[in-house]
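Following: one structure in structure tokens, then a few remarks.
Read-outs throughout are calculated quantities, based only on the coordinates presented, and are distinct from any laboratory measurement. Please read all numbers here as calculations on a predicted model, not as lab measurements. Note: ideal-geometry Cβ built from the backbone for every residue, glycine included; neighbour counts use all protein chains shown.
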Amino acid sequence: MSTRRRLHRPSPVATTIALIFCVVWAFPTYWMVKSAFTPRKDALTTTPSFLPLNPTLANFETAIFQAGFFDNLRSSVIVVTGAVVFAVLLGLFAAAALSRFRFRGRRQILVLILLIQMIPGAATLIPQYLVFNQAGLLGTYTGLILAYISSTLPFSIWMMRSFFLALPAELEEAAQLDGASTWQVLTRILFPLVLPGMIATSVFTFINAWNDYLIAYTFMKDQSMYTLPVWLASFSSPLTGTDVSGQMAASVLFSLPVVVFFVILQRKLVVGMSAGAVKG
Amino acid sequence: MAPAGIVLAAVTLIPLLVMVYMAFTDYNQRSLFTGEYSFVGFAQFTGILTDPEFWASFVRTIVFTAALVIGSVVIGVGMSHLMTRLSTTMRTVTTIVLVFAWAMPNVAASLVWNWMFQPGYGVMNWILTQLRIFGDMTNTDWGADTGLAFIAIWLLVVWQAVPFIALTIYAAETQVGSEYIEAARLDGASEASIYRLVTLPFLQPTILLVTILSVIWDFNVFNQIWLVSKGGPDGSTSTLGVFTYITAFVGLDIGAGAALALITALLLGAITSVYIRNLIRSGEDL
């Protein structure tokens, strides 16, 4: 820190540019929050007011009691939980195998996983739709969970593998000398040590599944089983007219858990995104 | 490994094989119910490759992706350098602003955009009108004009893409050896030439990495286009992804959609292989 400060003294020009940048970049977020707290009747004015006058919580009430919020929140919680649990557990065992055991074809499997990870979501959507249609999984939570597992498992394996690689081999050797079985080495020694990796991977899976709009929009036909992004996007039906204030309040509520995770995990995200964690 | 392998195969590899197979059939809405379809072979691909609409969206995708990548990488690299010149407080503020823009789910961001650019009441329409450069834009309908729709979507995607790039490059920029910069300064180099001759070469691999990732991500931008313009007016803002989606799920010509998806996957596969080769060369131990 101190060396850098000496190398690059803060310059007033840079500070001015940064201030302008911050105002521009923060504006959409500010506008969302501001609109969410503005009474509905004040929202549609020809001259917008930039300060939140008469702030109100009424829009949040509207959003929450809007048809379907609790149903769709439940859908989101079910599929996100399912996706996180399975992607992390399956990823855990696969990562253990791919980092702790040497076997033929390991390198090929790793490259394959990386390739699968890079396949655009839109490309797997069509065949998944067909396969799930045949299997009767369209419009079910199971189908949606499977779709999310397929989009997050490759990364989950890749990420947890890096945590396994960071553990010294002496740990297992010592346990084995003490007479521990392979299973005991895994569950008693290795798994507790990669817990931070499991938590980080869970967060990534959570963000991916929570934010997904396209798959849920395509697969789920029953409105009561929509997930929150689909609920949010269809918030204003042509019949009831656009309630911008309610929509912005809903957007704030929906974004909140993700924003909290981002703020906490900002540093890890920079590394994780480079490995393709969050699909664009 | 075994359970994960089976699940991965079931949910990824099998659909991929199905996609390749379906790309050669005329699978459509009727087939979804009856299961009947016939094999059309390469006629599918000649059909697509002679369709002017395909080429229009192909060119559109390339140009739009280029515009997005250049915009976000240039602004991101610039911001990263700017952050090295800020006081700790100002840098923290900038980081928080960046993280907030980055974190907003793109469905929510698209709705915010629709609201900011809404004809009649949109705050951007109001601001642009006040600038008195473009005339009265109060009632401008951004979604109804191809150029304006692209500008709005470009702003939206770049707004959310810059934070990752800026923070990644900044993380790399803090690793530049201070002795090189000091030596260059002692030799009387200007700040601009220090950046060009010392910092940039050091950042080059990271910039390449974020550029490749940006190409992959921007090529696949879907939600923002779908929610802001639906690919309209008249399909004039539909990129390959939107074109594929409309073919498969609105026109329910699933065979042709699969063929389009296959073409897209092959295009991206070519870009991805560059990325993977890079990753392996950079010493990732497999």
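Between the alpha-carbon centers of region B:47-116 and region A:100-168, tell me the distance in whole angstrom.
27 Å
Is there a simple number for the mean count of other chain Cβ atoms within 10 Å of the Cβ of residues in A:203-214, and what is it?
So the per-residue partner count for this stretch is 2.
What per residue convex hull volume, in Å³, comes out for the protein assembly as shown when only alpha-carbon positions are used?
180 Å³
On a straight-distance basis, which aspartates and glutamates could pair with residue A:41 in a cross-link, Cα separation under 17 angstrom, same-chain partners fewer than 8 positions away excluded?
Those aspartates and glutamates meeting the cut-off are A:61, A:243.
List the residues, sorted by chain then number, that are 5 or more residues from residue B:25 or on another chain and whose placed amide H is less than 5 Å from its amide H.
B:40
Could you work out which residue, out of B:169, B:153, B:48, moves most in a Gaussian network model of chain B, that is, has the largest mean-square fluctuation with Cα springs under 10 Å?
B:48
Say we join alpha carbon atoms closer than 10 Å with springs in a Gaussian network model of chain B; which of B:259, B:189, B:23 then has the biggest fluctuation?
Residue with maximal mean-square fluctuation among B:259, B:189, B:23: B:189.
Using a 10 angstrom cutoff on alpha carbons, build the Gaussian network for chain A and name the most mobile of A:212, A:243, A:222.
Between A:212, A:243, A:222, it is A:222 that shows the largest mean-square fluctuation.
Could you give the C-alpha radius of gyration of region B:101-249 expressed as a fraction of 2.2 N^0.38 Å, taking N as the number of residues it contains?
Scaled against compact globular proteins, the figure is 1.39.
Can you give the angle from 0 to 90° between the axis of helix A:244-274 and the longest principal axis of chain A, with both taken from C-alpha atoms, to the nearest 10?
The two axes meet at around 30 degrees.
Please state the relative contact order of chain A as a whole percent: Cα pairs under 8 Å, 6+ residues apart?
31 percent
Beta carbons within 10 angstrom, averaged per residue: use that to sort the peptides B:204-216, A:76-88, highest first.
Taking the mean over residues of other Cβ atoms within 10 Å, the ranking is A:76-88, B:204-216.
Using alpha carbons only, how many degrees (0 to 90, rounded to 10) separate the axis of helix A:12-37 from the longest principal axis of chain A?
70 degrees
Report the net charge of residues surrounding residue B:44, where surrounding means a beta-carbon distance below 12 angstrom and charges are Lys +1, Arg +1, Asp -1, Glu -1. Provide the component values of the computation, followed by the final result.
Values: positive: none; negative: B:26, B:51, B:253.
Spelling it out: positives minus negatives among the neighbours equals -3.
Pop out the Kirkwood hydrodynamic radius of region B:2-281 from its pairwise C-alpha distances, inverse of mean 1/r, in Å to one decimal.
One over the average 1/r among Cα pairs gives 21.9 Å for region B:2-281.
Rounded, prolate or oblate: which fits chain A when a ≥ b ≥ c are the square roots of the eigenvalues of the alpha-carbon gyration tensor, with rounded for a/c under 1.5 and prolate only if a/b beats b/c?
Taking the square roots of the gyration eigenvalues as a ≥ b ≥ c, chain A is oblate.
On the principal axes of its Cα set, how long, how wide and how thick is region B:1-77? Give whole Å, largest value first.
Its Cα atoms span 51, 44, 21 Å along the three principal axes.
Using 0.36 nm per residue, how much length does the chain from residue B:277 to residue B:46 gain when fully extended, once their Cα-Cα distance is taken away?
Result: 80.0 nm gained on full extension.
Average partner chain C-beta neighbours within 10 Å, per residue of A:97-105?
Average per residue, whole number: 1.
So how tilted is helix B:88-103 from the main axis of chain B? Cα-based, degrees 0 to 90, rounded to 10.
The angle comes out near 0 degrees.
Averaged over peptide A:126-139, how many Cβ atoms belonging to another chain are found within 10 Å of each residue's Cβ?
Other-chain Cβ atoms within 10 Å of each residue's Cβ, averaged: 6.
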